[in-house]
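In what follows, a structure is listed as structure tokens, so that the remarks can point back to it.
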Amino acid sequence: MKQRLAIALAVMHNPELLILDEPINGLDPIGIAEVRDFIRELCDATGKTILISSHILSEISLLADDVGIIDHGNLLEEESLKALESKNAKYIHFCVSDAQKAAQIIAATFQSKNIQLMDDNNLYLYDTALPVARINRTFIEAGIDVWEAHLCEDTLEDYFKRITRGEGIA
């Protein structure tokens, strides 16, 4: 309730610029959705400029048009969310019975070395233009079981970790 009241008090004076620090911190999922909808509506309907500081990057990716990434007090990057998303890695995640053999098949048959082995059963293929159905068929014909194959994309959190070279405390 304190978060909602603070936002209501800030909006009451009809400022041109609204600065919100962690506006969804401590809210339950329904409260988060309500505050998100309110902020989006306030921005869209009135044209207000809203600056949000938040550590919850998944929420920022649902709200922001432009993103600034700050690390240890330094602004590392400031771009549109769309531009940042275009920098995120896209890859096909294969979960297979033998990732090493699967990587060798992709390199030999499909002439791609843009592969990352994660462990014995998981590999990432960063060449997303390759035909996944043919790759699956080739794996099966070579005796490799395919449990999953799906397109993945890094999140804003992944991008933040990459450019700050941080993995966090845990």
Could you grab me the full set of residues in the range 1-23 that are at pLDDT 85 or above and surrounded by 15 or more Cβ atoms within 10 Å (Cβ to Cβ)?
Leu18, Leu20, Pro23
Scan the range 11-33 residue by residue and report those that are without any contact (Cβ under 8 Å) to a residue 12 or more places away in the chain and under 17 Å from Leu62 (Cβ atoms).
Asp28, Pro29, Ile30, Ala33
Single residue of the range 46-79 satisfying the filter (among the acidic types (Asp, Glu) and surrounded by 14 or more Cβ atoms within 10 Å (Cβ to Cβ)) that is farthest from Arg165 (Cα to Cα)
Glu59
What residue, among those in the range 3-59 that are more than 25 Å from Ser80 (Cα to Cα) and not in a helix (DSSP H, G or I), is farthest from the chain's Cα centre (by Cα)?
His13
Testing Glu153 on (1) within 30 Å of Asp65 (Cα to Cα); (2) surrounded by 14 or more Cβ atoms within 10 Å (Cβ to Cβ), one condition comes back false. Which one is that?
(2)
Look at the range 65-113 and say how many of its residues are of a type in the set (Phe, Trp, Tyr) and touching a strand residue (DSSP E or B) at 6+ places or on another chain (Cβ under 6 Å).
2
Per-region count, the range 87-104, residues of a type in the set (A, V, I, L, M) and either farther than 16 Å from Val146 by Cα or part of a strand (DSSP E or B) (or both):
3
Out of curiosity, is Leu84 buried (at least 16 other Cβ atoms within 10 Å of the Cβ), among the aliphatic types (A, V, I, L, M) and assigned to a helix (DSSP H, G or I)?
yes
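The values are calculated or read from the model by the stated rules, or taken from the named source; none is laboratory data. It should be emphasised that the depicted structure is a prediction, and the values quoted were computed from it without experimental measurement. Here the Cβ is made from the backbone with ideal geometry for all residues, glycine too, and neighbour counts use every protein chain on show.
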